């Protein structure tokens, strides 16, 4: 990898943690420079403005979530285990700070509601990807007769994501992982009681 590319990736990685903890408006260009140990010229060598850095940083943070989910789901024996893996990953995100600042989709969705259309669009796209991944698992479970045929995948996805993201929000707000644990437990019961065949 060329030095320029390494520097660009370093800026993206460091900025991802910064934006995910301070938010887009809270993180200044000088914060990025301090954290990266790179001057303004070095930053502008790779990015036209703060917006470009923020979009690249969001993409990087989301790619880390996808990576964590893929790793955890690889060893899952069935569709139920794949869904439960989501709970495990999000508990880990909160408890081990494996992704600095928590869930980038939640953070970005809250902050960029109307203030930053580009970031809002990125968060929507990321959420659609999560929905697609979940829907695929649910459909696979229905085909394998693991899940009931009458369940509505979109409804299930909405419920699971809303409960998990709600748990993350409460855990971040109160600095207490018990909320994500409570919500994960609720999702596990829902899978067991409402989705399983027989």
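Are there any pairs with C-beta distances below 7 angstrom linking a residue in region 162-175 that is under 13 Å from residue 101 (Cβ atoms) to a residue that is assigned to a helix (DSSP H, G or I), with the two at least 6 apart or on different chains, and if so which? Sorted first by the residue in region 162-175, then by its partner, the pairs are 168/90; 168/94; 168/106; 168/180; 169/106; 171/94; 171/179; 171/180.
Tally the residues that are in a helix (DSSP H, G or I) and in contact with a helix residue (DSSP H, G or I) (Cβ under 8 Å, 6 or more places away or on another chain), restricting the search to region 143-157.
Step one: list which residues in region 143-157 are in a helix (DSSP H, G or I), which gives 143, 153-157.
With in contact with a helix residue (DSSP H, G or I) (Cβ under 8 Å, 6 or more places away or on another chain) added as a condition, the list becomes 153-154, 156-157.
Going through region 143-157 one residue at a time, the tally reaches 4.
Among the residues of region 93-123, the one identified as within 12 Å of the chain's Cα centre (by Cα) and farther than 15 Å from residue 62 by Cβ is 94. State whether one or more residues within region 75-89 are farther than 12 Å from residue 58 by Cα, in contact with a helix residue (DSSP H, G or I) (Cβ under 9 Å, 6 or more places away or on another chain), surrounded by fewer than 22 Cβ atoms within 10 Å (Cβ to Cβ) and modelled with pLDDT under 90. No, region 75-89 contains no residue that is farther than 12 Å from residue 58 by Cα, in contact with a helix residue (DSSP H, G or I) (Cβ under 9 Å, 6 or more places away or on another chain), surrounded by fewer than 22 Cβ atoms within 10 Å (Cβ to Cβ) and modelled with pLDDT under 90.
Rundown of residues vs (1) loosely packed, with under 14 Cβ neighbours inside 10 Å; (2) modelled with pLDDT under 95; (3) closer than 30 Å to residue 27 by Cβ, yes/no style:
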| residue | (1), (2), (3) |
| --- | --- |
| 103 | no, yes, yes |
| 110 | yes, yes, yes |
| 152 | yes, no, no |
| 155 | yes, no, no |
| 169 | no, yes, yes |
| 182 | no, no, no |
| 190 | no, no, no |
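The values are calculated or read from the model by the stated rules, or taken from the named source; none is laboratory data. The structure presented is a predicted model; accordingly, all values stated were derived computationally and were not measured. Cβ coordinates were reconstructed from backbone atoms using ideal geometry, including for glycine residues, and neighbour counts include every protein chain displayed.
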